[in-house]
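Note sheet for the following structure.
The values are calculated or read from the model by the stated rules, or taken from the named source; none is laboratory data. The shown structure was predicted, so the numbers you read here are calculated from the model rather than taken from an experiment. Backbone-built Cβ (ideal geometry, glycine too); neighbour counts: all protein chains shown. Surface areas here come from the heavy atoms of the whole protein model, side chains and all, with no ligands, DNA or RNA. Shrake-Rupley method; radii C 1.70, N 1.55, O 1.52, S 1.80 Å.
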Amino acid sequence: MEGQQTSPEDVYTHGHHESVVRAHAARTAQNSAAFVLPHLSAGARVLDVGCGPGSITCDFAVITAPGEVFGVDRSEDVVAQARALAEDRGIENVSFGVGNVYDLDLEDEAFDVVHAHQVLQHLTDPVAAVREMRRVTKPGGIVAVRDADFHGMSWYPEIPELAEWMELYQRIARRNGAEPDAGRRLVSWMQEAGFTDVAPSSSNWLYATPQLRTWQARVWSERVLHSAFAEQALAYGFADQADLDRIAAGWHRWGSSADGWFLIPNGEVIGRA
């Protein structure tokens with residue numbers, strides 16, 4: 001399932017630093033794709049686009065066994081990690097390959113369910129990607145997309161460095177031609193891609209317990225300092241190292257707040273082909 005990269009202008013704001021992949025590996029079908037679960041059944045053929053390290057993909061495979069599940073990502077490194085996860089979990093009805101969301105090397109009308117989690121927000125042409133996902137979906141099948149909405153995020157206490165982080169993230173993502181407030185645009189993108197039968201919903205990730213606050217603060221402080229986010233902030237001239245150090249410290253200060261709260265809203269849409 002290898003595809004040629006047809007949109008080299010696409011730049012992944014997060015990159016694939018260990019801190020990013022570790023965060024993505026914590027995602028499960030239950031905590032990140034619950035809106036898809038009612039549409040999965042034994043024997044279904046599923047494609048997971050932008051599968052990352054494969055945690056959600058593997059869950060789909062367990063649910064739909066003996067149906068075939070395929071995961072596609074443009075990063076060879078994370079595809080290798082996804083394969084290792086499937087092997088560790090002993091899941092035999094899942095496979096992974098390197099591919100391009102704009103030009104999937106897959107037959108028309110091949111899948112019952114095509115899923116993309118936190119993918120469209122990073123693309124320069126999300127509508128083209130949805131059209132390509134629709135192409136490989138069987139008539140009557142579904143395309144399921146879920147994306148966060150960054151300007152919809154809220155937090156407490158009102159730590160200034162987190163507001164600075166949000167402004168910086170927005171500038172970097174938009175400099176990359178991406179749309180960080182994707183959640184609110186999913187219905188529009190699906191309609192523009194030709195879907196007339198769309199079912200919208202939303203769900204949240206909430207970080208408000210000591211364990212989850214510590215986890216979220218550690219992940220984002222590392223990403224601010226070491227991931228592609230940091231590299232791009234510096235390369236684009238949007239921040240210097242002192243700015244990044246200050247924002248990372250702010251994340252830690254938020255994480256140590258006993259009353260800390262961080263809410264991430266996600267838009268979700270099921271489109272029926």
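Structure above, values below:
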| read-out | value |
| --- | --- |
| Per residue, in Å², the accessible surface of the range 18-272 once ligands and nucleic acids are set aside, probe 1.4 Å | 41 Å² |
| Length-normalised contact order for the chain - Cα pairs under 8 Å, 6+ apart - percent | 23 percent |
| Cα-based Kirkwood hydrodynamic radius, the chain, one decimal, Å | 19.0 Å |
| Of all DSSP beta bridges in the chain, antiparallel share, percent nearest 5 | 50 percent |
| Leading residue at positive end of dipole, the chain (Cβ point charges), from A34, A65, F238 | A34 |
| Check: the range 47-90 dipole with +1 on Lys, Arg Cβ and -1 on Asp, Glu Cβ, in debye | 40 debye |
| Dimensionless Rg over Rh [the range 39-117; C-alpha; Kirkwood] | 0.93 |
| Among M190, M133, M153: highest mean-square fluctuation, GNM of the chain, C-alpha pairs under 10 Å | M153 |
| Lys/Arg +1, Asp/Glu -1 at C-beta; the chain dipole; positive extreme among V119, A82, M153 | M153 |
| Inverse mean reciprocal Cα-Cα distance (Kirkwood Rh) of the range 59-216, Å | 17.8 Å |
| Cβ-placed point charges (K, R +1; D, E -1), dipole of the chain about Cα centre in debye, nearest 20 | 600 debye |
| Cβ-Cβ FRET estimate between R174 and E231, R0 fixed at 25 Å, reported to 0.05 | 0.90 |
| Accessible area of the chain belonging to carbon and sulfur atoms, whole % at 1.4 Å probe | 50 percent |
| In nm, spacing of pseudo-spin labels at S201 and A26 (7 Å Cα→C-beta vector) | 2.3 nm |
| Protein-only accessible surface order, largest first, of Y156, Y169, Y102 at 1.4 Å | Y156, Y102, Y169 |
| Computed FRET value (nearest 0.05) for R253 with H151, which takes r as the C-beta separation and R₀ as 22 Å | 0.50 |
